[in-house]
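Enquirer: A single structure is presented below for examination.
Taken together, the values in this text are just the output of simple stated rules run on the coordinates, not laboratory data. Predicted, not measured: the structure shown is a model, and the values here were computed from it. Virtual Cβ from ideal backbone geometry, glycine too; neighbours counted across all protein chains shown.
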Amino acid sequence: HVADAPPALAEFLAVRLLFERRIVARTCAGLGVASTWDALRARLPPPPVRPRVLDAVPLWWIARASAWTAADVLAQDDQALAAIWRECSAFRPLQRRRCLHDAFERSYRRSILDALAARRSTPAAAWSERPLAQFVFCIDEREESMRRAIEELHPGYVTFGVAGFFGVAIDYQGLYDRTPAAHCPVVVTPAHQVHERPVPGHLDWHAARDRLRRTWHHWERRATFGSRTLSGGASMSFLLGPASSMRTLAHVLAPRSFISLGNRLTASLAPRPKTRLSTVRAAHVEDSDSGKPVGFSTTECADRVATVLRTIGLAGNFARVIVFIGHGSSSLNNPHESAHDCGACGGRRGGANARLFADMANRDEVRDAVRQRGITIPSDVWFVGALHDTADDSITYYDLEALPESHRQAFEDVHQVLERARRDNALERSRRFDDAPLGLSPDEALRHVEARSAHLAQPRPEYGHCTNTICIVGRRDATRGLHLDRRAFLVSYDPTTDVDDAILERILAAVGPVGAGISLEYYFSSVDNETFGCGTKLPHNVTALIGVMNGHQSDLRTGLPLQMVELHEPMRLLVVVEATEAALLGVAGRQPEIAELVGNAWVQLVSVDPQTGAMAVFERGRFVPYVPDPVALPVVDRSTDWHGRSRNHLGPALVRRGLGLDA
């Protein structure tokens, strides 16, 4: 190829076809056979006779759907039957599957929209006093059950949902990270770095612990390389084999206890030094090697705090303790672990972002600047950053040593709420695992998920986003008390405070690509797991730390493994937005990514009028009104009454305790 540009696929195929045509012509000349298409086709064997049963089967289905009797079928003349065969032949398998899939999506969409309309007409208890506590989660559908569990405990507990990088796009470098990594959506480029650093009183211990870690890793690498030699492998097997066997046996037979013992030993013998984040840019600190400033100015902190609070509709009526909870996932022997982490953090854990936001919001100078932006945070409000591990349902809190003494009891109340909620969440998750019996207690369910995440041979430490189907953007009042079976991305948005649709545009610009990306990743990996996914995990080998392949030789496998999508019902994400049709069309006109997702039907978009509740579905370039059917949703006292005895996907139900109603 003499051109400067690389060859195109069409050019490559053209060359292949020319070669094949030349080979056919030469072969035919050697056999004395004409090489024209008509001559070659005449030499083909006749097609096999079509079995009559292939015509009988579709006729049986048509008769069944039409409620025909045998007499009705016999009454059809040859012309009518021929017309039926022509229609069946014209309805190709691909078209048939598409039609059936459209019907499947439409049926589920109707059930959700009817449920939202029913919830809108259902009375709920209103909490008029100051909230007892407020919790801000990522929009992740795995947090829907956590939020529901918290709200069922008391109507004074309020939850919000926002993209899990919490408005602080950063390159984050943890205490023992070699290089910074982007903690933000992949469509965003961070302009700041944030580093985790030991507090002044722990600098010496940090240096000693770091030397100890380096020494340990040095000898660990030497042992690994030495074990691959003839003499080294034999001697190490003799000396360390028994101890390694006992360790592996304990890890397999009692994974939860083994990991817990290891963590306690590490905490007692080599505890992690106390650290703080480089939140505010110090005047004497130079920019990082990449040229990005380390930390934020006070103005930048205030901009981000005010933006997030206004986005989720939390501009007043603050609780004394507000917990920002990022999420991530921890498991062993799992090269796909990052697929369980936070999509809004670029496939990384969101704890650093939650910790950073809380640190920003707790600073007096930042609160003064936020007040100038129209939001007054009372002096008795304290923000806490935390991380929810979606595999073992543990919750880690950050910077509690800075918690004021006046807030200790309030935080202890919050801690007890989350302790109960994570047990209820583990119970709801456990019903999906075949090896977890139905009817577990919350404590038993928690122990079960803790053991799963610590097991070396567990291909399903969690199911990740396998239940995602919906994204609801609007006020929590529209969905609070509605059991959505861990299938909904819940995004907090108050349209009554968004006069120019700027907040809506900001939300959809962040949530649209993240939610649609997750949905489509699971969609394609489930419709054809061998082609668009990477097949079963069991034969996977990590290759050059960039991907996996099957066994010792294969192409690199892309997509998600079978164990992550086996429960997934493939359908396009249903995005329900509490906004007018004009507002949504305006955002799509200004945001090319949103226009592409909606215009090319990669997602299903529904508008819900904030004032009237009228619904409209975007189809073929325009909004089509949708009139909900009146339905009587099942009503249960608590969520466990609805999902506790089933492993299957469930439809929506009303939960009395979530509505704030007495049982």
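Enquirer: Considering only DSSP beta bridges where both residues belong to region 292-441, give the percentage that are antiparallel (nearest 5).
Expert: Among the beta bridges of region 292-441, antiparallel pairing accounts for roughly 35 percent.
Enquirer: Do the sum for the chain: with -39,500 (n - 2.57) for every DSSP H run of n ≥ 4, divided by all residues, what is the mean residue ellipticity at 222 nm, to the nearest 500 deg cm²/dmol?
Expert: -13500 deg cm²/dmol
Enquirer: Moving to a separate point now. What is the dipole size for region 74-120, taken about its Cα centre, with +1 at each Lys and Arg Cβ and -1 at each Asp and Glu Cβ, in debye to the nearest 20?
Expert: 480 debye
Enquirer: Tally the DSSP beta bridges in the chain and give the antiparallel ones as a percent, rounded to 5.
Expert: 40 percent
Enquirer: Between Pro7, Thr27, Leu44, whose Cα lies farthest towards the positive end of the dipole of region 1-45 when Lys and Arg beta carbons carry +1 and Asp and Glu beta carbons carry -1, centred on the Cα centre?
Expert: The listed residue farthest towards the positive side: Leu44.
Enquirer: With 10 angstrom as the radius, rank Ile112, Ile395 by how many other C-beta atoms surround their C-beta, starting from the fewest.
Expert: Least to most surrounded, the residues fall as Ile395, Ile112.
Enquirer: Based on the Cα atoms of region 360-458, what semi-axes does the equivalent ellipsoid have, where each is the square root of 5 times one gyration tensor eigenvalue, given in whole Å with the largest first?
Expert: Square roots of five times the eigenvalues give 37, 14, 12 Å.
Enquirer: Still on this model: So how strong a dipole does region 1-45 carry about its Cα centre when Lys and Arg Cβ are +1 and Asp and Glu Cβ are -1, to the nearest 20 debye?
Expert: Here the size comes out at about 280 debye.
Enquirer: So how strong a dipole does the chain carry about its Cα centre when Lys and Arg Cβ are +1 and Asp and Glu Cβ are -1, to the nearest 20 debye?
Expert: Roughly 1680 debye, rounded to the nearest 20.
Enquirer: In a solvent-free Debye calculation with one equal scatterer on each Cα, what is log10 I(q)/I(0) for region 1-45 at q = 0.33 Å⁻¹, listed in the order of the q values?
Expert: -1.11
Enquirer: Could you tell me whether region 73-227 comes out rounded, prolate or oblate from its Cα gyration tensor? Rule is a ≥ b ≥ c as square roots of the eigenvalues, rounded for a/c under 1.5, then prolate if a/b exceeds b/c, otherwise oblate.
Expert: It is oblate, given that a/c is not under 1.5 and a/b is not larger than b/c.
Enquirer: When N counts the residues of region 464-663, how does its alpha-carbon radius of gyration compare numerically with 2.2 N^0.38 Å, as a ratio?
Expert: With N residues counted in region 464-663, Rg over 2.2 N^0.38 Å equals 1.19.
Enquirer: Calculate the length of the line joining the C-alpha centroid of region 160-218 to that of region 238-281, in whole Å.
Expert: If you average the Cα positions of each part, the centres end up 21 Å apart.
Enquirer: Using +1 at the Cβ of each Lys and Arg and -1 at the Cβ of each Asp and Glu in the chain, identify which of His192, Leu203, Phe166 lies farthest towards the dipole's positive end.
Expert: Checking the options against the dipole of the chain, the answer is Leu203.
Enquirer: Moving on to the next point. Quick one: P(r) of region 1-92 from all Cα-Cα pairs, 5 Å bins, percents rounded to integers, in order of increasing distance.
Expert: 2, 9, 12, 12, 8, 7, 8, 9, 10, 8, 8, 5, 1, 1, 0
Enquirer: Moving on. Run through region 173-254 and list the trypsin sites (Lys or Arg not before Pro) located in a DSSP loop whose Cβ has at most 13 other Cβ atoms within 10 Å.
Expert: Answer by residue number: Arg178, Arg228.
Enquirer: Would you give the gap between the C-alpha center of region 7-64 and the C-alpha center of region 632-663, rounded to a whole Å?
Expert: So the separation of the two Cα centres works out to 58 Å.
Enquirer: Same structure, new question: Can you give the net charge of the other residues whose Cβ lies under 13 Å from the Cβ of Asp443, counting K and R as +1 and D and E as -1?
Expert: With Lys, Arg at +1 and Asp, Glu at -1, the net is 0.
Enquirer: Show me the helices of the chain, taken as full DSSP H stretches, that run 27 Å or more along their long axis by Cα and average -1.0 or above in Kyte-Doolittle hydropathy.
Expert: Sorted by number, the helices that extend far enough and score high enough are 9-31, 93-120, 230-253, 502-527.
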